[in-house]
Amino acid sequence: MTQMMDKGRFQKPAATLSLTAGQTLELRCKGNKIVWSYPAYLDTFKDTRLSVKQHERYGQLTLVNSTAADTGEFSCWGQLCTGYVCRRDEAKTGSTYIFFTEKGELFVPSPSHFDVVYLNPDRQAVVPCRVTVLSAKVTLHREFPAKEIPANGTDIVYDLKRGFVYLQPHSGHQGVVYCKAEAGGKSQISVKYQLLYAQVPSGPPSTTILASANKVQGGDDVSVLCTVLGEPDVEVEFKWTYPGQKDERPVTIQDSWRLIHRGLGHTTRISQSVLSIEDFETIDAGYYICTAQNLQGQTTVATTVESS
């Protein structure tokens, strides 16, 4: 990876860079099939300030009118392709973490004034208050009772690229916290973060299925409910297989989710998918199969609905 400097000069960027907001950033990587990674903020808003181009011998990333919100990791890698199958070329990779400093912005701006961080007992939790100034001193504070929470390096650590990392979260960490940054004689408070303990361990979805009736008369309406209890911040996708599917039997499928609080701050996400059929016919009798999938895997459950 190289960075364009003044007067068309290029040099390899350091592992971390500090640029002034408003500057134009241009990065290049050699290769004819280059893939780029950059702060998710730029993708989320489909930002027109960012352009990525592939030239014959190099890939080019250009960011104009940079802001503090663009602070983050920029990386590139080449691809080795055989037909339609491509894999990462580890010999052609490059990355740099860039701090875009902006007057009055010590923290990377957040899209909201209040955010929720879920504490899972089996994985790290991150309070994502990142700074725009490399030399900033950052501390973590509990709102009530008011006190500083020490980043002792064993239970909680501060990572410039991520924020405060809880290495082994537990229910005692719950509460409202915020970060404070100090640099150049100025200080700033971050947005607030509500830390909630998640009771459900990670893994494939814990799935159940239930029909409104397992024996149905012709002409009746029937519905089948597929339910998943899981982590608050883990999304679930549902897929159905049912008897009338091949014959394109009309059905209605509605997916929904909500958070349920089980006391003591324990929070669970309940995701549901309902398959409904009006005017039950013989063709509708048989197995109703629901497959629920999250990032950790999938679970399949089934029930039968018969003609009575």
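The values are calculated or read from the model by the stated rules, or taken from the named source; none is laboratory data. If you're wondering where the values come from, they're calculated on a predicted model, not measured in any experiment. Note: ideal-geometry Cβ built from the backbone for every residue, glycine included; neighbour counts use all protein chains shown. Ligands, DNA and RNA are stripped out before the accessible areas are found, and what is left, the full protein with its side chains, is counted by its heavy atoms. Shrake-Rupley method; radii C 1.70, N 1.55, O 1.52, S 1.80 Å.
Overview of values
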item: Accessible area expressed per residue, segment 1-87, with surrounding protein chains retained (probe 1.4 Å, Å²); result: 62 Å²
item: Stokes-Einstein diffusion coefficient of segment 150-292, Kirkwood radius over Cα pairs, 4 °C, 1.567 mPa s, in µm²/s; result: 68 µm²/s
item: Helical contribution to [θ] at 222 nm, DSSP H n ≥ 4, -39,500 (n - 2.57), averaged over the chain, rounded to 500; result: -500 deg cm²/dmol
item: Table column - 3J(HN,Hα) (Hz), segment 227-241, Karplus curve with 6.51, -1.76, 1.60, x for Gly and Pro; result: 10, 10, 9, x, 5, x, 9, 10, 7, 10, 10, 10, 10, 10, 10
item: For segment 106-188, alpha-carbon Rg over 2.2 N^0.38 Å; result: 1.07
item: Positive-end residue, segment 1-123 charge dipole about Cα centroid, Cβ charges, pick of LEU25, VAL85, ASN65; result: VAL85
item: VAL176-GLN272 FRET efficiency (beta carbon distance; Förster radius 35 Å; 0.05 resolution); result: 0.70
item: Leading residue at positive end of dipole, segment 127-212 (Cβ point charges), from SER135, ILE209, TYR178; result: SER135
item: Per-residue HN-Hα couplings for segment 154-165 [Karplus 6.51, -1.76, 1.60; θ = phi - 60°; Hz; x = Gly/Pro]; result: 10, 9, 9, 10, 9, 10, 3, 8, 10, x, 7, 10
item: Nitroxide proxy distance, nm - points 7 Å out along Cα→Cβ at GLU26 and GLU281; result: 6.5 nm
item: Low-density loop positions, chymotrypsin sites (Phe, Trp or Tyr not before Pro), segment 37-117 - DSSP coil, at most 10 other Cβ in 10 Å; result: TYR84
